[in-house]
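Participant: Below is a structure I'd like to ask you about.
The values are calculated or read from the model by the stated rules, or taken from the named source; none is laboratory data. Worth saying up front: this structure is predicted, and the values here are computed from it rather than measured. Here the Cβ positions follow ideal geometry from the backbone for every residue, glycine too, while neighbour counts run over all protein chains shown. Calculation scope for accessible area: heavy atoms of the full protein, side chains included, ligands and nucleic acids excluded. Shrake-Rupley method; radii C 1.70, N 1.55, O 1.52, S 1.80 Å.
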Amino acid sequence: MEALSEGYTKRDTNIAKAAAVILLLIHHLYMGVAPAPIDLLHTYPPLTVATLSKVCVALFVVLSGYGLTVSFARKGEKPGRFTLRHTLGLMRPYWLVFALFALLGIFFARPEFAPWAVYGTGLRGFANACAEFFALRPLLGTPTYNQTWWYMEAALALYLTFPLLHWGVKKAPYLVLPVTAVPLVLYLFLGNNVWDTCREIYWFFPFCAGILLAQRDLLSKFAAFAHKRRWTAIGLTALAVVLTALIRSQVGLAFDTFFAVAILLFLRCTLSLIPYLGTAFAYLGRHSGNIFMLHSFIYCYFTSQHWFVKLLWSPDLLVVFLALPALLALSLACSEVIERGRALVSRLWRF
């Protein structure tokens with residue numbers, strides 16, 4: 001094992017992002033839609049695992065709150081400038097993937113998912129496309145080219161409100177955290193697994209939790225503890241992951257933030273310590289944003305879907321599981337092409 005630094009580094013964040021994007025693929029591929037409470041003894045195990053993998057959203061949101069807070073402290077920028085810069089940093093990769101896959105969709109999309117079939121034609125079609133381009137589709141209720149992109153509206157809302165939330169968590173966390181948790185509590189008691197959670201209102205709580213983790217330097221403090229008491233940290237966090245997963249299976253989405261934090265801590269004192277595997281995950285994590293934005297085209301919206309249908313409907317369970325590494329490899333390859341193309345254009349532009 002490589003030496004564990006006493007801190008929570010960018011590498012650790014990328015490792016966590018890699019774990020989150022793998023969970024995302026599991027959740028989507030294997031249709032993780034089992035309602036809570038899950039009957040753990042009788043529910044098909046892959047369905048249970050896929051449902052619990054929904055924690056990927058909370059992982060990404062906690063990491064976003066944490067990362068923005070750390071960056072804000074380091075840069076010392078004015079809140080308005082900081083928010084504008086990071087919001088553009090959020091949207092630019094999305095705009096590139098949107099434009100690229102809208103173009104590819106002309107040639108490779110399944111007929112019902114071609115851009116004109118989704119958005120419509122004429123002025124209305126253009127307006128629908130613009131709504132998605134600016135990540136306003138969930139707010140406006142317009143058609144979507146990729147259902148997974150609902151997250152962009154949530155992320156946009158979180159980024160734009162970051163200065164206010166950062167201030168509120170710093171001044172009164174005992175007030176802000178309970179208030180932002182209200183939608184999740186209502187979801188639990190009034191409509192668990194009935195209401196649509198693909199909206200920003202459900203993700204302010206994990207975002208604020210990430211802000212709190214950064215402001216109190218809690219992840220770095222845990223890393224220092226893990227540096228001194230490695231096996232104790234591994235044992236405690238493994239137990240925390242199991243317990244929070246069990247609670248989440250019975251409670252549902254409302255417990256995802258706690259499940260996500262347990263996973264972050266477990267990864268910090270396990271995968272971060274494994275030299276080659278940790279490095280591979282860190283590399284994957286750097287591509288997690290692109291993979292999130294484009295993977296649905298590969299297994300669902302484009303004609304390549306027929307490959308995954310064959311895998312997922314195979315009577316051989318091993319073949320079914322092969323759909324995951326296949327989708328991960330293809331998504332990563334597409335991301336590499338995008339990043340290399342972007343780097344080439346950037347060099348030519350400077351030249």
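Participant: Of everything in region 305-337 that's part of a helix (DSSP H, G or I) and farther than 28 Å from Val118 by Cβ, which residue is least open to solvent (accessible area, probe 1.4 Å)?
Facilitator: The extreme case among them is Val320.
Participant: Regarding region 213-221, can at least one residue be identified that is among the aliphatic types (A, V, I, L, M), open to solvent by 40 Å² or more (accessible area, probe 1.4 Å), under 22 Å from the mean Cα position of the chain (by Cα) and under 17 Å from Tyr66 (Cβ atoms)?
Facilitator: Yes, region 213-221 contains at least one residue that is among the aliphatic types (A, V, I, L, M), open to solvent by 40 Å² or more (accessible area, probe 1.4 Å), under 22 Å from the mean Cα position of the chain (by Cα) and under 17 Å from Tyr66 (Cβ atoms).
Participant: Separate question: Which pairs do you get when a residue that is without any contact (Cβ under 8 Å) to a residue 40 or more places away in the chain, found in region 279-294, comes within reach of a residue that is of a type outside the set (Gly, Ala, Ser) and open to solvent by 10 Å² or more (accessible area, probe 1.4 Å), reach meaning Cβ atoms under 7 angstrom, with the pair 6+ apart or on two chains?
Facilitator: Short answer, once both residue conditions are applied: none.
Participant: Then there's this: Can you tell me which residues in region 304-324 are hydroxyl-bearing (Ser, Thr, Tyr) and modelled with pLDDT of 95 or more?
Facilitator: Correct list: Ser304 only.
Participant: Of the conditions (1) surrounded by fewer than 17 Cβ atoms within 10 Å (Cβ to Cβ); (2) within 19 Å of the chain's Cα centre (by Cα), Ala127 fails just one. Which one is it?
Facilitator: Unmet for Ala127, out of (1) surrounded by fewer than 17 Cβ atoms within 10 Å (Cβ to Cβ); (2) within 19 Å of the chain's Cα centre (by Cα): (2).
Participant: Right, another one. If I filter region 338-347 for residues that are in a helix (DSSP H, G or I) and either within 16 Å of the chain's Cα centre (by Cα) or surrounded by 17 or more Cβ atoms within 10 Å (Cβ to Cβ) (or both), do I get at least one hit?
Facilitator: The answer is yes; a qualifying residue exists.
Participant: Still on this model: Across region 50-59, what is the number of residues that are outside any helix (DSSP H, G or I) and either on the phi > 0 side of the Ramachandran plot or open to solvent by 10 Å² or more (accessible area, probe 1.4 Å) (or both)?
Facilitator: Qualifying residue count, region 50-59: 1.
Participant: What are the residues in region 260-288 that are touching a helix residue (DSSP H, G or I) at 6+ places or on another chain (Cβ under 6 Å) and closer than 28 Å to Trp95 by Cβ, if any?
Facilitator: Ala260, Phe281, Ala282, Leu284, Gly285, Arg286, His287, Ser288
Participant: Here's a check for you: in region 1-31, which residue that is acidic (Asp, Glu) and surrounded by fewer than 22 Cβ atoms within 10 Å (Cβ to Cβ) is modelled with the highest pLDDT?
Facilitator: Here the residue is Glu6.
Participant: For region 295-304, check the following and say yes or no: at least one residue is closer than 29 Å to Glu112 by Cβ and open to solvent by 50 Å² or more (accessible area, probe 1.4 Å).
Facilitator: Checked against the condition, which is being closer than 29 Å to Glu112 by Cβ and open to solvent by 50 Å² or more (accessible area, probe 1.4 Å), region 295-304 yields at least one hit.
Participant: Every residue in region 85-96 that is touching a residue at least 24 places away in the same chain (Cβ under 8 Å), open to solvent by less than 50 Å² (accessible area, probe 1.4 Å) and of a type outside the set (Val, Ile, Thr), please.
Facilitator: Of everything in region 85-96, those that are touching a residue at least 24 places away in the same chain (Cβ under 8 Å), open to solvent by less than 50 Å² (accessible area, probe 1.4 Å) and of a type outside the set (Val, Ile, Thr) turn out to be His86, Leu90, Met91, Pro93, Tyr94.
Participant: Which numbered condition in (1) farther than 16 Å from Thr197 by Cβ; (2) without any contact (Cβ under 8 Å) to a residue 40 or more places away in the chain; (3) of a type outside the set (D, E, K, R); (4) not in a helix (DSSP H, G or I) is the only one that Leu47 fails?
Facilitator: (4)
Participant: Restricting attention to region 147-200, which residues are surrounded by fewer than 15 Cβ atoms within 10 Å (Cβ to Cβ) and either hydroxyl-bearing (Ser, Thr, Tyr) or farther than 29 Å from His28 by Cβ (or both)?
Facilitator: Leu164, Trp167, Lys170, Lys171, Ala172, Tyr174, Leu175, Pro178, Val179
Participant: Follow-up question, since we're still on this one. Out of region 128-149, which residues are farther than 18 Å from Gly105 by Cβ and either assigned to a helix (DSSP H, G or I) or modelled with pLDDT under 95 (or both)?
Facilitator: Within region 128-149, Pro138, Leu139, Leu140, Gly141 meet the criteria.
Participant: Among the listed residues Ala99, Ala73, identify the single one that is of a type in the set (A, V, I, L, M), more than 25 Å from Thr142 (Cβ to Cβ) and surrounded by fewer than 16 Cβ atoms within 10 Å (Cβ to Cβ).
Facilitator: Ala73
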